[in-house]
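Novice: Quick one: the structure is below, and I'll ask about it shortly.
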Amino acid sequence: MKIADLISWFEEWANPASQESWDNCGWQIEPGVLQEQARVLVCLTPTLAVMQEAIALREVGIPINLIFAHHPLIFNPLKSLCSGDAIGEMARLAFIHKIGVYSAHTNFDQVDDGTADVLAQILQLKEVTPIVATQASLGYGRVGFLEPSLTLQELLTTIQTRLAPPNLIYSPVADLQQPISRVAVLGGSGASFISAVVKTGAQAYLTSDCKFHQFQESRDHGLILIDAGHYATERPSCARLVEKLKLMNIDWVQLSDHDEDFRNFLT
């Protein structure tokens, strides 16, 4: 399958037109690779480490020509591109080695098998609906039922086991044995959706990047807030995308081994 055909297929599923106004989905760098057979490295964030991984694969005979990322490389209009600057270096290497960089961000968040939907599947939620619907069959976050219900301790253990976050933060509660049956999830930075989650009747909300007072806000609403980290809540959807691409007529596709969490935690 050619890269152009791959992108057409993807955009029929996760249309860039559904992205937020502040977002920058789609081609970040297109160095003339549209008619090449797709050989894809999928990652959460397009960094120099991932670009160097792609180049290293080329040097051992796997001619990677597309980095497919969730996070955009470019969020704001650039005023310059300079050698030594991270984005400038990405652009320089992309054109030298003919490796495109494509990003699917808030458009990918909303669709079936996107970031939130994969989290809901990992927790095996039932009767799943969006936290906030956007268009027909699209929406941010997911909320559903645990069948059977779990204690809060069991839910936290399940999250720790299945997502393996380096650090798991949750609201202080009086009883870890309280039953939890309705759970909301949203991969990435989801604290701005707390009030919407409360309206769904969810007892617990799994997301990331939550601040001190957002835990207070959740407590005041009787919602248990669980922060598993940005990387741990979004990386699984990248792995799911690799699975979907492997079912298509693509020469080569793999999940990046050099994706970065950008954080270390003392243990």
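The values are calculated or read from the model by the stated rules, or taken from the named source; none is laboratory data. Computed from a prediction, not measured in an experiment: that's the story for all the values here. When we count neighbours, we look across all protein chains shown, and the Cβ atoms used for this are built from the backbone with ideal geometry, even at glycine.
Novice: What number of residues in the range 11-67 are within 20 Å of Arg92 (Cα to Cα), small (Gly, Ala, Ser) and either touching a residue at least 24 places away in the same chain (Cβ under 8 Å) or surrounded by 22 or more Cβ atoms within 10 Å (Cβ to Cβ) (or both)?
Specialist: Total meeting the criteria: 4.
Novice: Going by what's in this entry, would Leu34 be described as within 15 Å of the chain's Cα centre (by Cα) and among the aliphatic types (A, V, I, L, M)?
Specialist: no
Novice: Working only within the range 1-10, note down all residues that are touching a residue at least 12 places away in the same chain (Cβ under 8 Å) and either small (Gly, Ala, Ser) or more than 20 Å from Trp252 (Cα to Cα) (or both).
Specialist: Within the range 1-10, Ala4 is the sole residue that qualifies.
Novice: Across the range 1-31, what is the total count of residues that are among the small types (Gly, Ala, Ser) and over 19 Å from the mean Cα position of the chain (by Cα)?
Specialist: Step one: filter the range 1-31 for residues among the small types (Gly, Ala, Ser), giving 4, 8, 14, 17-18, 21, 26.
Going one step further and asking which of them are over 19 Å from the mean Cα position of the chain (by Cα), we end up with 4, 8.
Residues meeting the conditions: 2.
Novice: Could you check how many residues of the range 106-134 are touching a Phe, Trp or Tyr at 6+ places or on another chain (Cβ under 7 Å) and either part of a strand (DSSP E or B) or at positive phi (or both)?
Specialist: 3
Novice: Residues being among the polar types (S, T, N, Q), surrounded by fewer than 18 Cβ atoms within 10 Å (Cβ to Cβ) and farther than 20 Å from Phe262 by Cα: count how many of those fall in the range 153-173. Working first, answer last.
Specialist: As a first pass, look at the range 153-173 and keep what is among the polar types (S, T, N, Q): 153, 157-158, 160-161, 167, 171.
Next, only the ones that are surrounded by fewer than 18 Cβ atoms within 10 Å (Cβ to Cβ) stay: 153, 157-158, 160-161, 167.
So of that shortlist, the ones also farther than 20 Å from Phe262 by Cα come out as 153, 157-158, 161.
Looking only at that region, the number is 4.
Novice: Considering only the range 143-159, how many residues are within 15 Å of Ala228 (Cβ to Cβ) and touching a residue at least 24 places away in the same chain (Cβ under 8 Å)? I'd like the intermediate steps shown before the answer.
Specialist: Residues of the range 143-159 within 15 Å of Ala228 (Cβ to Cβ): 152, 155-159.
Then keep just the ones that are touching a residue at least 24 places away in the same chain (Cβ under 8 Å); that gives 152, 155-156, 158-159.
Residues in the range 143-159 being within 15 Å of Ala228 (Cβ to Cβ) and touching a residue at least 24 places away in the same chain (Cβ under 8 Å): 5 in total.
Novice: Right, here's the next one. With a cut-off of at least 1 residues that are out of contact with any strand residue (DSSP E or B) (no Cβ under 6 Å at 6 or more places or on another chain), of a type outside the set (Ser, Thr, Tyr) and crowded, with 16+ Cβ neighbours inside 10 Å, name the strands (runs of 3 or more DSSP E) lying wholly within the range 174-250. Even if it seems obvious, please write down each step before you answer.
Specialist: Working: elements: 179-189, 204-208, 224-227.
It comes to 179-189.
Novice: For Thr45, work out the one condition from (1) farther than 30 Å from Val183 by Cβ; (2) assigned to a loop (DSSP other than H, G, I, E, B) it doesn't fulfil.
Specialist: (1)
Novice: Further, regarding this structure: Among (1) of a type outside the set (D, E, K, R); (2) on the phi > 0 side of the Ramachandran plot; (3) touching a strand residue (DSSP E or B) at 6+ places or on another chain (Cβ under 6 Å), where does Gly26 come up short?
Specialist: (3)
Novice: Of all residues in the range 74-104, which are under 17 Å from Cys25 (Cα atoms) and either among the small types (Gly, Ala, Ser) or surrounded by fewer than 22 Cβ atoms within 10 Å (Cβ to Cβ) (or both)?
Specialist: Across the range 74-104, the qualifying residues are Ile74, Phe75, Asn76, Pro77, Leu78, Ile87, Ala91, Gly100, Ser103, Ala104.
Novice: Within the range 240-255, is there a residue that is of a type in the set (D, E, K, R) and in the same structural domain as Val143 (by TED's automatic domain parsing)?
Specialist: If we filter the range 240-255 for residues that are of a type in the set (D, E, K, R), which is where we start, we get 240, 243-244, 246, 251.
In the following step, the residues that additionally are in the same structural domain as Val143 (by TED's automatic domain parsing) were identified as none.
No - not one qualifying residue is present in the range 240-255.
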